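The values are calculated or read from the model by the stated rules, or taken from the named source; none is laboratory data. Bear in mind the structure is a predicted one, so any value in this text is a computation, not a measurement. Note that each Cβ is placed from the backbone with ideal geometry, even for glycine, and that neighbours are counted across all protein chains shown. Calculation scope for accessible area: heavy atoms of the full protein, side chains included, ligands and nucleic acids excluded. Shrake-Rupley method; radii C 1.70, N 1.55, O 1.52, S 1.80 Å.
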Amino acid sequence: SFVHKKCRNVDVPYLGSNIHRILVPDDLVKWSREWKEYSPPVYTDSKVHGKAWADPEINEKNFQPAWNSVDGKVNRASFVCQYAFDQSSLCPLNPIGRTGLAGRGVLGRWGPNHAADPIVSRISDEGHLEFVAIQRRDNSEWAIPGGMVDAGEEVSQTLQREFAEEAMNGVIDNKSLEELWSSGKELYRGYVDDPRNTDNAWMETVVVNFHDTKGLLRNVALQAGDDATALRWIRVDSQAPLYASHSHFIELLKASHSN
Ligand code: RP5
Ligand code: MG
Ligand code: MG
């Protein structure tokens, strides 16, 4: 079964910090494997504290979230399973298993942090299936231009908003793309092996393909914006390394266009 890898990397410090994860061997990822001395560093970035998009500390008096369900405007349900809790800290437990780091890191929510990933694709003049990729500001890796679902936001909105912010330099009302946005095909919903994941906070996403059969994107200026520093079309067969689990999502894109 699937084990996460990118959130067990001990070669680099955790994003924006000098904290290192402890090494979790493959066979000790699952919580069901006993590891009595497991005691990872506990780390939550100070930028998370007091933010409207983030949860408070787990033991804060007024923090009584509806775990494993839609909690008002925040979806705290996991696509993977009903998640369990650490017996002493009471924090949600990553459904895939240990990551070598506890706390939330830079993620705002305890438990699942929901995102959406729009894969905008086309067939190039040379006949190759390719998709819009952006370079991320946080670690310079190439990625699908996805982002977090805001509180109270529909995933369908997140997909369009994030694409507009990161790949159209914020131009949201683009009438010429209406037809493209209504053509979405879901490729995946579930866990993301994101390098920011921790034992108690992790990324999940809905990946939707918008395939431009009519050349609608020729009328649109694609340009990196917001937390993207560059943009390019990447061929699905290019083997270019991608952020988090995005290579897996591109494999699903390939498969869905090969029949
Ligand atoms: C990944 O992080 C998701 O697949 C999505 O692409 C992205 C969302 O986070 P930000 O781009 O907002 O940092 O796990
Ligand atoms: Mg964004
Ligand atoms: Mg993003």
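Here are some notes:
- Highest-first packing order for the peptide set 155-164, 58-67, 37-46, 1-10 is 155-164, 1-10, 37-46, 58-67, based on the mean count of other beta carbon atoms within 10 Å.
- Whole-percent carbon and sulfur share, accessible surface of the range 12-144, 1.4 Å: 51 percent
- In a fully extended conformation the segment linking D227 and Q87 would gain 46.7 nm over its present Cα-Cα distance, using 0.36 nm per residue.
- Qualifying lysines (Cα of each under 19 Å from Cα of K6; at least 8 residues distant if same chain): K30
- In a fully extended conformation the segment linking E179 and N259 would gain 26.5 nm over its present Cα-Cα distance, using 0.36 nm per residue.
- Computed from phi, the 3J(HN,Hα) profile of the range 79-88 under the Karplus parametrisation 6.51, -1.76, 1.60 (θ = phi - 60°) reads 6, 7, 5, 6, 7, 9, 10, 5, 5, 9 Hz, with x in place of Gly and Pro.
- If you take the alpha carbon atoms of the range 63-103 and fit the smallest convex hull around them, that volume is 90 Å³ per residue.
- Rounded to whole Hz, the Karplus (6.51, -1.76, 1.60) HN-Hα couplings of the range 213-221, x for glycine and proline: 7, 9, x, 5, 6, 5, 8, 10, 8
- Here the peptides 210-218, 240-248 are ranked by packing, the mean other Cβ count within 10 Å, and the order with the highest first is 240-248, 210-218.
- Convex hull volume of the Cα atoms of the range 14-97, normalised per residue: 135 Å³.
- Taking a straight line from the alpha carbon of K36, these aspartates and glutamates sit under 16 Å away, with near neighbours fewer than eight places off in the same chain left out: D27, D86, D199.
- Ordering of 112-121, 90-99 by packing [mean C-beta count within 10 Å, highest first]: 112-121, 90-99
- Lysines whose Cα lies under 21 Å from that of K51, excluding same-chain neighbours fewer than 8 positions away: K61, K73
- Based on the reciprocal of the average 1/r between different C-alpha atoms, the Kirkwood radius for the range 113-257 equals 15.2 Å.
- Taken as Cα centroids, the range 16-30 and the range 69-94 sit 21 Å apart, rounded to the nearest whole angstrom.
- Cβ-Cβ FRET estimate between S32 and T213, R0 fixed at 35 Å, reported to 0.05: 0.15
- Residues whose amide H comes within less than 5 Å of that of T44, counting only those at least five positions distant or on another chain, are R104, G105 (H built at 1.01 Å from N in the peptide plane).
- Rg and Dmax of the range 71-148, based on Cα coordinates, read 17.3, 58 Å.
- Equivalent-ellipsoid semi-axes of the chain, from the Cα gyration tensor, Å, largest first: 33, 20, 17
- Helical contribution to [θ] at 222 nm, DSSP H n ≥ 4, -39,500 (n - 2.57), averaged over the chain, rounded to 500: -3000 deg cm²/dmol
- Each other residue within a Cβ distance under 14 Å of P13 adds +1 if Lys or Arg and -1 if Asp or Glu, for a net charge of 0.
- Working from Cα pairs under 8 Å separated by at least six residues, relative contact order for the chain is 22 percent.
- Normalised alpha carbon radius of gyration of the range 119-186 [divisor 2.2 N^0.38 Å]: 1.19
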